[in-house]
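Visitor: Following this message is one structure expressed as structure tokens.
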Amino acid sequence: MNATLERWSTRRAFILAVTGAAVGLGNIWRFPYITGENGGAAFLVLYVVFVLLLGLPIMMAEILIGRAGRRSPVQSLGHLAALAGASRHWGLLGLFGAFTVFCILSFYSVVSGWSIEFFITAINGGFVGRNPAEIGAGFEAFLADPWRMTFNHTLFLFMTMTVVAAGVAKGLERLNNLLMPLLYLLLVLLAGYAATTDGFGTALSWLFRPDLAAITPMVVMHAMGHAFFTLAVGACALMAYGAYMPERQSLPHAAGAVALLDVGVALLAGIAIFSVVFSQGMDPGEGPGLMFVTLPIAFAELPWGALWLSVFFLLLLLATWTSSINLAEPMVATLQGRGLGRGRSAAIVGVLVWLMGLLSALSFSTLAEWRPLFGMSAFDLVTTIPTEIFLPVGGLLIAVFAAWVMPHREAQAALGVGEPGFRLWRTMVRWISIPLAALVLAAGLL
Ligand code: PHE
């Protein structure tokens, strides 16, 4: 990549592309289950605080670096470090990011594969007339089937890597942008349905009335990790998007819009899912299966439920597809930067991620007994450590680079705001985001 990269055509296109990367499993699958496991409102409050104090300012830092460097993450970091007279080793941060997305994509592909299976089951009317217990048992049986898990993982990863290899991600982005409003509409519809169930009141107070006593260092750590994950921040993946940002665009406005859309999806999904949980007397701490069990139950009660459910999984699939492309891109770009062809780079990344993903895919069946660390399964480890440790560490370093290392002039120009706005952002990153992230990481690790 070089300084004459093509730019996103409009400001809106840039915002929508970043939203495509941000909105995905994190909002609809991970947010509800992790909130459920961490006591509800207390977690939600922390998550919103972290989005505001860490996620947003660091998202700006990350995109700003890409925008100022106008190169791939590794090259942008190295180039800007050289400009500032700092160590060129900053480029390694780009490699660390690539390793982080490698781990994330490995389970992301497995879980997105669940959506493929559920889409097909839904469209064939497989959930019609099933009661909640049967739906739950069906999901358990699916997890325990190594072949179906592997098949769907393979299919999803293949879909992702073909788009990346062909370099047609922008076409997919456009399709995604066209259909995203429909996903919102469906979530609003679901939340509307949720309001008619008798679990709605409980769900609202459980989600929005925090019990501060429920806050432990681990809950804080989970909330911080999730803020990074949901905004796609901390892995240098958005840095690559920054390189394509239009000349005249205010980064704070763009980032603010993305965060608003992103949190909106999560809240709608949360309201819909927890209303079902409480009206069916289910356990909010059910874990990663939460969405996959509650939504079929909810839709089963609606007119045309099977149709809506299949549309929903199709849209979810599309949302995860654009996120997974964003996860794969930094790795492919890194290999390409070393002189490999695009197709070959995508194939290598695809095979490595596929192998790593097998650990997650099989950790409910063949590898169920394998608990390599802290008594956690491979799936639990790979859904936790990259998100809750690697992303915050990456984000912290990105923030240090943008707010302390980068030359003032480049940084300000790339943020796209005047001097007072720039100072406000930099003060916030220097004295709030960086110490806060360091503190939570240190507390969580100890
Ligand atoms: N933000 C995406 C989601 O919520 C996941 C993601 C994380 C994408 C990190 C890119 C980088 O599903």
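Just so you know, all these numbers are worked out from the coordinates, no wet-lab data involved. The structure displayed is predicted, hence computed values, not measured ones. Don't worry about glycine lacking a Cβ; one is built from the backbone with ideal geometry, like all the others, and counts go over all protein chains shown.
Visitor: Between F96 and I120, what length comes free when the chain is fully extended (0.36 nm per residue of separation minus the Cα-Cα distance, one decimal in nm)? Before the final figure, lay out the partial values.
Guide: Working: separation 24, 0.36 × 24 = 8.64 nm, distance 3.66 nm.
Extending this stretch completely gives an extra 5.0 nm.
Visitor: Could you give the distance between the Cα centres of the range 41-102 and the range 241-296, to the whole Å?
Guide: 22
Visitor: Give me the extension gain from A195 to R88: residue separation times 0.36 nm, minus the current Cα-Cα distance, reported in nm with one decimal.
Guide: Taking 0.36 nm per residue and subtracting the Cα distance, the gain is 33.0 nm.
Visitor: What whole number of Å gives the distance from the Cα centroid of the range 185-226 to the Cα centroid of the range 328-395?
Guide: Cα centroid to Cα centroid, the span is 29 Å.
Visitor: May I have the pair-distance distribution P(r) for the chain, computed from all Cα-Cα distances with 20 Å bins from 0 and rounded to whole percent?
Guide: 27, 59, 14, 0
Visitor: Using a/c under 1.5 as the rounded threshold, could you call the range 325-422 rounded, prolate or oblate? The axes a ≥ b ≥ c are square roots of the C-alpha gyration tensor eigenvalues, and prolate needs a/b larger than b/c, oblate otherwise.
Guide: Note, shape of the range 325-422 comes out oblate.
Visitor: Points 7 angstrom from Cα along the Cβ direction at V351 and L445: gap in nanometres?
Guide: Those two pseudo-labels are separated by 3.5 nm.
Visitor: Relative contact order (percent) for the range 1-101, with alpha-carbon contacts under 8 angstrom and 6 or more residues of separation?
Guide: RCO, the range 1-101: 20 percent.
Visitor: Among T294, T154, T197, which one shows the highest mean-square fluctuation when the chain is modelled as a Gaussian network with alpha-carbon springs under 10 Å?
Guide: T197
Visitor: To the nearest 500 deg cm²/dmol, what mean residue ellipticity at 222 nm is calculated for the chain from DSSP H runs of n ≥ 4 alone, each contributing -39,500 (n - 2.57), summed and divided by the residues? List each step's numbers first, then the result.
Guide: Details: 21 runs with 318 residues, N = 446.
It comes out at -23500 deg cm²/dmol, rounded to the nearest 500.
Visitor: Suppose a student asked you for the relative contact order of the range 229-326, using Cα pairs under 8 Å spaced at least 6 residues apart; what percent would you report?
Guide: 21
Visitor: State the extension gain, in nm to one decimal, for the chain segment bounded by E134 and T216, taking 0.36 nm per residue of separation less the distance between their alpha-carbons.
Guide: Details: separation 82, 0.36 × 82 = 29.52 nm, distance 3.54 nm.
This chain segment gains 26.0 nm when fully extended.
Visitor: Here's another thing I want to ask about it. Relative to the longest principal axis of the chain, what angle (0 to 90°, nearest 10) does the C-alpha long axis of helix 391-400 take?
Guide: 20
Visitor: Moving to a separate point now. Looking only at GluC sites (Glu not before Pro) in DSSP loops with at most 13 other Cβ atoms within 10 Å, what is the longest site-free stretch of the chain?
Guide: Value returned for the longest uninterrupted segment is 7-246.
Visitor: Using alpha-carbon pairs under 8 Å, 6+ residues apart, how would you state the relative contact order of the chain in percent?
Guide: Here the relative contact order equals 36 percent.
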